[in-house]
C-alpha cells in the first residue's frame, strides 16, 4: 500500500499533464485564428508556420530552452544561467522527491508547450508578407533562446523574482504574451504594411477569409487557457485551481462584452472579430494575476482588456503598423495591462508592486525588443524578410508551397 | 501529511473541473453545428450569437443565476428562492467542508457552463431571421432568470425534488435540454418560417452551407457530453462515472443507427444531417437517466431517440414550424423522451416514477413556454423580433455585422 | 473514510476515462483529415463514413468485440477465444477488485474507442470511389471481428504475448495502426486508382480541398494521442505517463522535421501535407515503444518515421496504389517501423526482440491481409465495391447522399 502523499502526488501530476494537453491544443487555436483572419491565398503558409513552430519549439526546448529557463541552483544567475544541452534526469525524477506537484518529464513537457506560443503570436502579426525561411529562423532563435532567458528572470529565480517586492506574473501576461507581442511589434514594423492596406485615401480593411475558423480558434484558445492558467498553479490544489477557472472565465466573458460595447460605439456595428479579440485580451489580461483576483476584479480586468483591444487596433492602424490578426493589441497591450493590474488589484496592490510590475514590463520589453530587432534586422539586411511584390499579390501559398488551401472553390471576383 | 480524505477530495474536484472544461467546449460545438446547418450569408450572425451567449451566461450566472438556482437552505422555496446578488464565498469554500466533491468555485463554474446552453439551443431554431438585439435580450432574461428558477425546482431542492417519488433528471434532459427546446419552439413559432421555406407547392429544403463544420459540431458536443453527463455524478466515483460514459456513448452510437435507418426508409438516401441529429437525440435521451440505465437500455433509448428525431423533423415541417437546425426535434422531443425513459427503464420504473416524470415535463414546459412567449411576444410587439425582408434575403451578416464570413470565395450562382 | 488505495484507484480510473475521451476525439481528427485531403465533391461521403464507423465500432465492440479481444482466463486460447455475446459485469466491476487501474466499464469504453480507429484508417485509403454499403459491411466485420481477434494475440494474452521474448507493442503500432494499414492496402489495391490519377503521361496529383481542415485533423489526432499512448499505461502512474507524453510529443515534432527535410529535398517545396503526415508517422512510430524510449531515441524514431512517409507516398504512387490521404504510408509503413524500433532501441533491444517483432508484424499482417482480402474480394464479386464512372466523376455526395457539403459556394472552373 502506498503512502497517502503518493496519491496526492499522482493527482497533482495528473492535472499538470492534462494542462499540458490543453496548452498543446492552443497551437491549433492559434493556427485557425490566424488563418481565419487572413486571406485564403496565404492560408497554407500560415498553417505551415503554425505546424512547424510547435515542432521546433518542442525540440529546441529539449535541446537548450529548458536548461536556460530553469538552470537550477548550481547554474543559476540573476540574468543568465544554463545547465547544459539536452535533458538529463535528476534523481527522483518520477516521484514526489523531484517536486511535490509533478515529475521531471511533466515539468519539461508542460513548459515546452508554453515555449512555442511566443513565436506563434509573432506569426499572426507578420502574416501575408513574411518570407518563410527567415521567419522559421527567427522563431528558432526566439523560442529557443530569447524566451527561456526572459522566463528565467522570473520563473527560474532570476532578478525579477529577487526584488524586495517581487515582480508578479502568475501564468505569463508578460513572460509569455508580451514576449510574443514585442516580437510581433518589431516584425510588423520592419516588414511594413501589406500592399494596399494604407492608401493615400485612408486605411482599407482586409477582411479575414474564414470567420468560423477564427471563432473556432478563439474557443480553442479559451479551452486551452484552462490549462495555461489552471496548470500554472503547479498542482491540483482544489481551492487555487477552481479559483483560477472562475477568474479566467469571467475575464474572458467580460472581455467579450467590453469589446462589444467599445466596438459598437466606435464602428456602429456588431464586429465579431473585435469580440473574438476582446475575449483573448480578457484572457491575456487576467493571466498575470489569475490566482489573486476576486470575482469583481476579474470582470473589471477582462472588461478593460476587451475595450482596450479595440482602441489599440485603431491606434496601430493610425501609426500604420499593419497587424493582420490584432496580435500586438491582444498580446502586448493586453499583456501590459494584465501585468499592471496585479499592482492595482492584486494581493500586494500598491506602489511597491506597481513599481515591480513596471520594472518587469520594461526589462522584458527592452530585451525582447532589442533581440527581435537584432534578429529580424539582420535577416532583413542579408536574406531579406519580405516576399516580393508579385508573390505577395498572388499569394504565398502558390509561391512558397506550390499549392492552394481550397483548390475546389472559385475565388471571389 | 494530508488526510486521505483530502486526496479523494482533490480527485473529485479535479474531475468536476475537467467536466467544466468539457461543457465549455460544447459552446463551440453548438456554434459550428448551427453555422454549418444554415446558409453562408448568415454565418457571422450565428457565430456572433454563439460567442456572446456564453459570455452573457457566465456573467449573469455570477450576478443572479447561481443564487436563484441554488439559494441554499436559508433562502429556498419550493418554487422560488434567491440568495442575493453576486457570489459570496461560504466558509470552507475551498475544502471538503463545503462539499465532499468540489469547492464552491468549482460548483459555480460547472453550473455556469451549463446555464448558457439553454439559450444556445434556442439560437439554432430562430436562426437566419431573428433580429440580433432582441435575441440577445431574450437570451439574457432566459439564461439569467428562467433557467435557474426551473433548475431550482429539481436541483436546488424545489417541489419536483420533494415529491414522494421525486422527479428524476440526472443531467438535464428536461432541466436543460427541454428548457432550451421550449424557448426554441416559441421563438420559431412567433418568428414564422424563413422566406421560401414553405411554398404553395410544398416544403423546400434549405441546405446547410458547411457540413464538415456541422459534423465537427456534433463530435464536439459528444466530446463535451462526457463532462455534461459524467460531471453530473458530482464526484469522480469510478463506478458511477465509468457507467455514465458507457451509457452515454452507446446511446449516442445507437442514436446514429436509429436515425440512419429511419431516414433511409423515409427518404431513401443516406442523410448525414439526420445521422448527426440522431447522435444528439441519443445523447439528449440518455441524459435524464445516464446513471441508472444498463447497457441494453441505453442502446434502446438512444436508438428510439435517433429514430424519433427523423419523424419529429418531418412533423414540424408539416405544421410549418421552421427550425433550421432541428433543435426542437433534438432537444425538446429528445428531452421529453429521455425524461419519460427514466419512468420506463430506470431504477424505480413504474407508474409512480412515470407520473413524476410527466409532472416535471409539464410544469417545466408550462413555465418555459409561458415565459419565453412573454419575452418573445413583448419584444415582437415593441421592437420587433424579425429582420425585414430585404435583410433576410441579402443575409444578416452584411446587414447586422457589415461583413461576410467567407469574403474570398465566390457564392454559388 | 476510505482506504488510501481507493484514492489511488480513483485517480488511475480518472486518467483512463480521460484517455477514453481523448481517443474518442481522434475520430473527429480522422474525419477532418480525410475530408480535408480529398475533393469537395466527396466530402459528405467521407464525413458519413467517419461518423457511422465509431457508432458501429462501439456497438459491435459491446456485442462481440470486447469478449473476443479479452476473453479472460476461462475462454482464452492462443489464437482465438470468446467469452460470449454482450457485456456482463464481473464481480467487483466498479472497484479496485476488478483491476487496480480502472473499472470494468472504463476498461470496456477505453478499448471500444480504440476499436473503431482501425476501420477509420481504411476509410481514407479507399476514399472517393468506394461504395458506401459495401464499405460499411467491411467495417462492421473488420472492426467487430478481425481487429479484436488480432488484439487478443497480444493484449488478451495470446501467442504473441507468450513468446519467450514476447512481442512488444505498447499502444498498438501493429495491433491498431498496421491492422488498419493492411485493410487500407488491400482496399486501395482491389478498388484500383481514382479516375485520372495515373495517366499515360504520368501521375497527376489530386489536391485535397480544404487544408485547414486537414491541419485541424492532425492536431486533433496528436491531441488524442496523449490518451492513446498515455492511457495505454493503464494507470495514472506519474513517471510512466509523463515519460510517454515526452516521447510521444518529441516523436511527433521530429516527424514533422523529418518529413519537412525529406519532402524539401524530394520536391523542392514546402509541402504541408507531407509535414502533416510526417507528424502522424512520428506518432505511429513511437506508439509501439512509447514507454521504453529515451529522449534521443524518440527523436530518432520520429524523424525516420517522418522521412519514411515521404518515400512511401512516392513508392505507392509508383506502383499505382492510389491512397488519397497517405493512410498506408502513415499507418502501415509507420506501424512496421515503430514495431521494429522496439527491437532496435527498446529495453530488450537485440535479435531476440527483433525476431519477436518481426513475428508479430508478419502474423498480424498475414491475418489482416487475408481477412480483408476475403471480405473486400467477396463484396467485389457480389455487390461490387466501386461506384460507377459517372458517379465517381460527379462525386459521391450528390449520388449517394443527395446533398453537397458546401452548397453555397461556387465550385472551381
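The values are calculated or read from the model by the stated rules, or taken from the named source; none is laboratory data. Remember, it's a predicted structure, so these values are computed and weren't measured experimentally. Note that we place each Cβ from the backbone using ideal geometry, even for glycine, and neighbour counts take in every protein chain shown.
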Does residue A:94 meet the test of being more than 17 Å from the chain's Cα centre (by Cα), at the interface with chain C (Cβ under 9 Å from one of its Cβ atoms), more than 30 Å from residue A:317 (Cα to Cα) and part of a helix (DSSP H, G or I)? no
Return yes or no: is residue B:66 more than 10 Å from chain A (Cβ to nearest Cβ), at pLDDT 90 or above and either crowded, with 20+ Cβ neighbours inside 10 Å or not in a loop (DSSP other than H, G, I, E, B) (or both)? yes
Which residues, counting only those in the range C:267-292, are assigned to a loop (DSSP other than H, G, I, E, B) and either away from chain A (no Cβ under 13 Å) or under 23 Å from residue A:44 (Cα atoms) (or both)? C:268, C:269, C:270, C:271, C:288, C:289, C:292
So residue A:7 fits all but one of (1) at pLDDT 95 or above; (2) part of a helix (DSSP H, G or I); (3) more than 21 Å from residue C:278 (Cβ to Cβ); what number is the exception? (1)
Quick check on this structure: which one of C:370, C:356, C:405 is closer than 30 Å to residue C:299 by Cα and at pLDDT 95 or above? C:356
If the requirement is being in a loop (DSSP other than H, G, I, E, B), within 13 Å of chain B (Cβ to nearest Cβ) and closer than 30 Å to residue B:218 by Cβ, which of these qualifies: C:61, C:102? C:102
Got at least one residue in the range C:328-340 being more than 9 Å from chain A (Cβ to nearest Cβ), on the phi > 0 side of the Ramachandran plot and within 21 Å of the chain's Cα centre (by Cα)? no
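Among the residues of the range B:30-40, is there at least one that is in contact with a helix residue (DSSP H, G or I) (Cβ under 7 Å, 6 or more places away or on another chain) and farther than 19 Å from residue B:218 by Cα? So that I can check it myself, show each step before the final result.
As a first pass, look at the range B:30-40 and keep what is in contact with a helix residue (DSSP H, G or I) (Cβ under 7 Å, 6 or more places away or on another chain): B:30-38.
Pick out the ones that are also farther than 19 Å from residue B:218 by Cα and you get none.
Checked the range B:30-40: no residue is in contact with a helix residue (DSSP H, G or I) (Cβ under 7 Å, 6 or more places away or on another chain) and farther than 19 Å from residue B:218 by Cα.
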If you take the residues of the range C:345-378 that are in a helix (DSSP H, G or I) and over 23 Å from the mean Cα position of the chain (by Cα), which of them is surrounded by the most Cβ atoms within 10 Å (Cβ to Cβ)? C:353
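What do you reckon, is residue A:261 touching a residue at least 12 places away in the same chain (Cβ under 8 Å), facing chain B (nearest Cβ under 8 Å), in a helix (DSSP H, G or I) and more than 25 Å from residue A:106 (Cα to Cα)?
Details: touching a residue at least 12 places away in the same chain (Cβ under 8 Å): yes; facing chain B (nearest Cβ under 8 Å): no; in a helix (DSSP H, G or I): yes; more than 25 Å from residue A:106 (Cα to Cα): yes.
No, not satisfied.
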Checking residue C:219 against (1) touching a helix residue (DSSP H, G or I) at 6+ places or on another chain (Cβ under 7 Å); (2) under 24 Å from residue A:131 (Cβ atoms); (3) at the interface with chain A (Cβ under 7 Å from one of its Cβ atoms), only one condition comes out false. Which one? (2)
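Within the range C:161-179, is there a residue that is surrounded by fewer than 24 Cβ atoms within 10 Å (Cβ to Cβ), under 19 Å from residue C:331 (Cβ atoms), in contact with a helix residue (DSSP H, G or I) (Cβ under 9 Å, 6 or more places away or on another chain) and away from every other protein chain (no Cβ under 14 Å)?
Yes, the range C:161-179 contains a residue that is surrounded by fewer than 24 Cβ atoms within 10 Å (Cβ to Cβ), under 19 Å from residue C:331 (Cβ atoms), in contact with a helix residue (DSSP H, G or I) (Cβ under 9 Å, 6 or more places away or on another chain) and away from every other protein chain (no Cβ under 14 Å).
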Kindly establish whether residue B:40 is surrounded by fewer than 24 Cβ atoms within 10 Å (Cβ to Cβ) and facing another protein chain (nearest Cβ under 7 Å). yes
Looking at (1) under 30 Å from residue C:393 (Cα atoms); (2) more than 8 Å from chain B (Cβ to nearest Cβ), find the lone condition where residue C:54 falls short. (2)
When every residue in the range B:231-246 that is facing chain C (nearest Cβ under 7 Å) and outside any loop (DSSP other than H, G, I, E, B) is compared, the one nearest to residue B:107 (Cα to Cα) is B:241
Residue check, residue A:115 against (1) facing chain C (nearest Cβ under 9 Å); (2) in contact with a helix residue (DSSP H, G or I) (Cβ under 6 Å, 6 or more places away or on another chain); (3) assigned to a helix (DSSP H, G or I), all met but one. Which one? (1)
Scanning the range C:1-55 residue by residue, the ones that are free of Cβ contacts under 8 Å to residues at least 60 places away in the same chain and under 14 Å from residue C:116 (Cβ atoms) total 2
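One line per residue, one yes/no per condition, for (1) part of a helix (DSSP H, G or I); (2) buried (at least 22 other Cβ atoms within 10 Å of the Cβ); (3) at the interface with another protein chain (Cβ under 7 Å from one of its Cβ atoms):
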site	(1), (2), (3)
C:184	yes, yes, no
C:205	no, no, no
C:212	yes, yes, yes
C:248	yes, yes, no
C:251	yes, yes, no
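So, in the range C:381-413, exactly how many residues are in a helix (DSSP H, G or I), touching a residue at least 24 places away in the same chain (Cβ under 8 Å) and out of contact with any helix residue (DSSP H, G or I) (no Cβ under 6 Å at 6 or more places or on another chain)?
Of the residues in the range C:381-413, the ones in a helix (DSSP H, G or I) are C:381, C:389-394, C:396-400.
With the extra rule that they be touching a residue at least 24 places away in the same chain (Cβ under 8 Å), the set shrinks to C:389, C:392-394, C:396-398, C:400.
Still in the list and also out of contact with any helix residue (DSSP H, G or I) (no Cβ under 6 Å at 6 or more places or on another chain): C:389, C:392-394, C:398.
So the answer is 5.
Being facing another protein chain (nearest Cβ under 10 Å), at pLDDT below 95 and surrounded by fewer than 21 Cβ atoms within 10 Å (Cβ to Cβ), is that true of even one residue in the range A:70-86?
First, the residues of the range A:70-86 that are facing another protein chain (nearest Cβ under 10 Å): A:86.
Then keep just the ones that are at pLDDT below 95; that gives A:86.
After this cut, where a residue has to be surrounded by fewer than 21 Cβ atoms within 10 Å (Cβ to Cβ) as well, the list is A:86.
Checked the range A:70-86: at least one residue is facing another protein chain (nearest Cβ under 10 Å), at pLDDT below 95 and surrounded by fewer than 21 Cβ atoms within 10 Å (Cβ to Cβ).
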Inside the range B:369-413, can you point out the residues that are touching a strand residue (DSSP E or B) at 6+ places or on another chain (Cβ under 8 Å) and facing chain A (nearest Cβ under 10 Å)? B:406, B:408, B:409, B:410, B:411, B:412
Does the range A:219-229 contain at least one residue that is touching a residue at least 40 places away in the same chain (Cβ under 8 Å) and more than 28 Å from residue A:154 (Cβ to Cβ)? yes
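What number of residues within the range A:293-344 are in contact with a strand residue (DSSP E or B) (Cβ under 9 Å, 6 or more places away or on another chain) and in a helix (DSSP H, G or I)?
The first filter runs over the range A:293-344 and keeps only residues in contact with a strand residue (DSSP E or B) (Cβ under 9 Å, 6 or more places away or on another chain), leaving A:317-318, A:320, A:322.
Those left that are additionally in a helix (DSSP H, G or I): A:317-318.
Within the range A:293-344, residues that are in contact with a strand residue (DSSP E or B) (Cβ under 9 Å, 6 or more places away or on another chain) and in a helix (DSSP H, G or I) number 2.
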With the requirement that a residue be within 20 Å of the chain's Cα centre (by Cα) and outside any helix (DSSP H, G or I), what does the range B:133-159 give you? B:155, B:156
What residue, of A:121, A:56, A:46, A:52, is outside any loop (DSSP other than H, G, I, E, B) and out of contact with any helix residue (DSSP H, G or I) (no Cβ under 6 Å at 6 or more places or on another chain)? A:52
